[in-house]
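Following: one structure in structure tokens, then a few remarks.
Each reported figure results from applying straightforward, stated rules to the coordinates on display, with no laboratory input. Keep in mind that what you see is a predicted model, and the values were worked out from it rather than measured. Ideal geometry is used to build each Cβ from the backbone, glycine not excepted, and the neighbour counts take in all protein chains shown.
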Amino acid sequence: MNKFTTYIKIGVLDALEMRFQLLYWLYVNMAPIIMMTYLWSHLYAQKGEIGGYSLNMMVTYYLVTRLINRIISTYAEERIAKDIKEGRLNQYITRPIDYMTYKFGERLGIRAVNLIIVIPIYMILMLILREYLIFNFDSITIIFLSINFFLSLILFFFLAFMIGMMAFFMVETHALNGLKDQVINLMSGYLFPLTLLPEKLQEIFSYLPFTYFYNFPMEVYFQRLTTIQIYQGLGIQCVWIIVFYLIAQLIWQQGTKNYEGIGI
Amino acid sequence: MKPIISIKNLVKQYSYYKKQPGLLGSIKSLFHREKLYVEAVKGISFEIQPGEFVGFVGPNGAGKTTTLKMLSGILYPTSGDVDVLNHKPFEREPEFQKQFALVMGQKNQLWWDLPAIESFLLNKAIYEIPDALFKKNLDELSELLDIKDILDVQVRKLSLGQRMKCELVAALLHSPKVLFLDEPTIGLDVISQNAIREFLKAYNKEKGATIILTSHYMQDIRRLCDRVIIIDHGQLLYDGTYDALHTQYSDSKTVEFTLANRVDAKEIEVFGKILSQKDRTFSIKIPREKTAEITGKILEKFQVDDIVIHERDIEEIIEEIFTDKKMRD
Ligand SMILES: Nc1ncnc2c1ncn2[C@@H]1O[C@H](COP(=O)(O)OP(=O)(O)OP(=O)(O)O)[C@@H](O)[C@H]1O
Ligand SMILES: [Mg+2]
């Protein structure tokens, strides 16, 4: 554990060195949400409900999913691909350190700093948009959501790790990463609530890991699921974590075997 | 004694894809890529005993870094055996990794945006160094390398020399038994080079650490290494003591002289092989036992402004081994 907390600390320190990104974060987080709220309120002027979602639910959905995104993304893929391409991986594979654990810790540290900056921004946003929002402070819901976020964070990291590791086999991983983001955006409910989709499709999606990133926690938040359904969802997430972990290990083993320690 | 490092018929073949230039080439390569191989290390063998300080020398592209990468477990060998500290390096076992360190002069392992001390603390956690030992080692190393007052400065603000010293400290905190140094003095000024050399020498003597060092600076090899291994094009050219190398190839000396008048090179050639000529200054190679005789003749025949006789430099010797080899091939 001492090792792992040191990894987190390194990430925290590194992120603190980049405080100047604050203004950028401020903009990235606030502007689209305010604009979307404006847009939705016009769309809803004629209709009271779209796909079972009221205006307030829609705005809440949009805002909270952005916040979840801040919590669960690690943005590790580029750093991992760079480590491999530029030969910095050498220093990890020659030391008694598990690269995956290390990167996870470091990314947690970096993201924690990001969150500390982002959370006040969201509190301000919630204050501004309070008339459009649905609040739910039910403690059971919060516990379920925390578990879900934690599992999503791990899943997100494994996905990033796998994409980053593709640098073992190809020169350019940007396109692949873009593709992954597209798939996630479409199937996770990041762009719109999946309840707007046909039932059949929703059922298929419920076996895939993506919907548990955004759509599922929002359903939990709006208390539209039974406790059984929630346990089921969290269980499916756990299964996917195991699957992703195994695939990641396999890619790592193949990759480091072919790795040529580029540079110098 | 059982060797601490031993490699046998070690081969490393890199594979890469041929890429034709231009857009058309890129499009073609989408459908068909020609795989090419380059054999960077072609079956070399040697054994190193505990406590040895070995200089690993060769021209650019000789395969030095590739060999060090196989010794430290970054690369899987294509064939052959490699054994370091009774482990197969490519298995990357933690017990093995805790006993060696690799320092590359052109790559840094320190965190760029953080003070060096943070990277040291990270290594403390990685190598599970006990508090007391960490403190002792850090004090000792930072004292020896004189970096006490820069531990809290962001690494990217340090000079190259200071950074290299910090790299060394980071690599030695866990008291490795085996140390691989790939061009640790590259780009440093004479003073920093000296400081690092002195330090390495003392470290090898006091701790009995086994060290393999590559360098293009012959001073490094001369001052530090009892034993020299020379490779070129992935093949072993020489393995023996520095002194033997020096004696073996020092059956000749270099005479350098400046003449008062312009003289045709042909007239000089009769005394010995011309190594270099610059205007009226010549440098020729002569057999050791004929030194007095030939210099006498030169002084007799020409009006000489200046004359110096010196032992041949190790650089020249290595160059000669390489050219001899090429002529034989
Ligand atoms: N990843 C790689 N892919 C393909 N070829 C490589 C790779 N790395 C090295 N080589 C080739 O292998 C040969 C040996 O390279 P190596 O880096 O071991 O040389 P070196 O002795 O360390 O040279 P230098 O003194 O320039 O550092 C060179 O011909 C080099 O081009
Ligand atoms: Mg090299």
DSSP beta bridges in chain B, what fraction antiparallel, as a percent rounded to 5? 70
Got a sec? Charge dipole of the protein assembly as shown, +1 on Cβ for Lys and Arg, -1 for Asp and Glu; which of B:L122, A:V59, A:Q46 is way out at the positive end? A:Q46
Convex hull volume per residue in cubic angstrom - Cα atoms of segment B:189-244: 86
Antiparallel content of DSSP bridges confined to the protein assembly as shown, in %, to 5: 70
Simple SL model, points at 7 angstrom along Cα→Cβ for A:I119 and B:Q106; separation in nm is 4.6
Can you give the relative contact order of segment B:251-310 as a percent, counting alpha carbon pairs under 8 Å and 6+ residues apart? 51
Additional length obtainable on full extension of the chain from B:A265 to B:D81, 0.36 nm per residue less Cα span: 61.1 nm
Please report, in debye to the nearest 20, how large the charge dipole of the protein assembly as shown is about its Cα centre when each Lys and Arg carries +1 at its beta carbon and each Asp and Glu carries -1 there. 1100
List the extent of the Cα atoms of chain B along each of their three principal axes, largest first, rounded to whole Å. 73, 58, 47
Computed over segment B:1-82, the Cα gyration tensor eigenvalues, each multiplied by 5 and square-rooted, give semi-axes in Å (largest first) of 36, 13, 9
Identify which of B:I48, B:I294, B:I231 has the largest mean-square fluctuation in a Gaussian network model of chain B, with springs joining Cα atoms closer than 10 Å. B:I294
Other chains' Cβ within 10 Å of B:151-158 residues: what's the mean? 0
Mean projected area (nm²) of the alpha-carbon convex hull when segment A:2-261 is viewed from all directions: 15.2
How shielded is A:94-107 by partner chains, expressed as the average number of their Cβ atoms within 10 Å of its Cβ atoms? 4
So for chain A, averaging the separation of alpha carbon pairs under 8 Å that are six or more residues apart and normalising by length, what relative contact order in percent results? 28
Segment B:251-310: Rg to Rh, with Rh as the Kirkwood radius over Cα pairs: 0.91
Could you tell me which residue out of A:M187, B:F180, B:A244 lies farthest along the dipole of the protein assembly as shown toward its positive end? Charges go on the beta carbon: Lys and Arg +1, Asp and Glu -1, centred on the Cα centre. A:M187
Shielding of B:102-114 by partner chains, average beta-carbon count, 10 Å: 4
Helix B:190-207 axis, angle to chain B major axis (alpha carbon atoms, nearest 10°): 60
Given R₀ = 25 Å, FRET efficiency for B:S276-B:V304 by Cβ-Cβ distance, to 0.05? 0.90
Can you run phi through the Karplus equation (6.51, -1.76, 1.60; θ = phi - 60°) for segment A:102-118 and list ³J(HN,Hα) in whole Hz, with x for Gly and Pro? 4, 4, 4, x, 4, 5, 4, x, 4, 5, 4, 4, 4, 5, 4, 7, 6
Degrees separating the helix A:22-43 axis from the principal Cα axis of chain A, which is the longest one: 30
Taking only the alpha-carbon positions of segment A:1-134 as identical scatterers, the Debye log10 I(q)/I(0) at q = 0.09, 0.21, 0.22 Å⁻¹ comes out as -0.40, -1.18, -1.25
Given N residues in the protein assembly as shown, what is Rg(Cα) / (2.2 N^0.38 Å)? 1.29
If you fit an axis through the alpha-carbon atoms of helix B:160-172 and take the longest principal axis of the Cα set of chain B, what angle between them do you get, 0 to 90°, nearest 10? 50
For an R0 of 30 angstrom, estimate the FRET efficiency from the Cβ-Cβ distance between A:V239 and A:Y24 and round to the nearest 0.05. 0.20
For Cα pairs less than 8 Å apart in space and 6+ apart in sequence, what is the mean separation divided by the residue count of segment A:9-120, i.e. the relative contact order in percent? 52
Placing +1 at every Lys and Arg Cβ and -1 at every Asp and Glu Cβ, with all other atoms neutral, what dipole size does segment A:97-162 have around its Cα centre, in debye to the nearest 20? 120
Take chain A, connect every pair of alpha-carbon atoms lying under 10 Å apart with a spring to form a Gaussian network, then pick out the residue of A:I230, A:I97, A:I251 with the largest mean-square fluctuation. A:I97
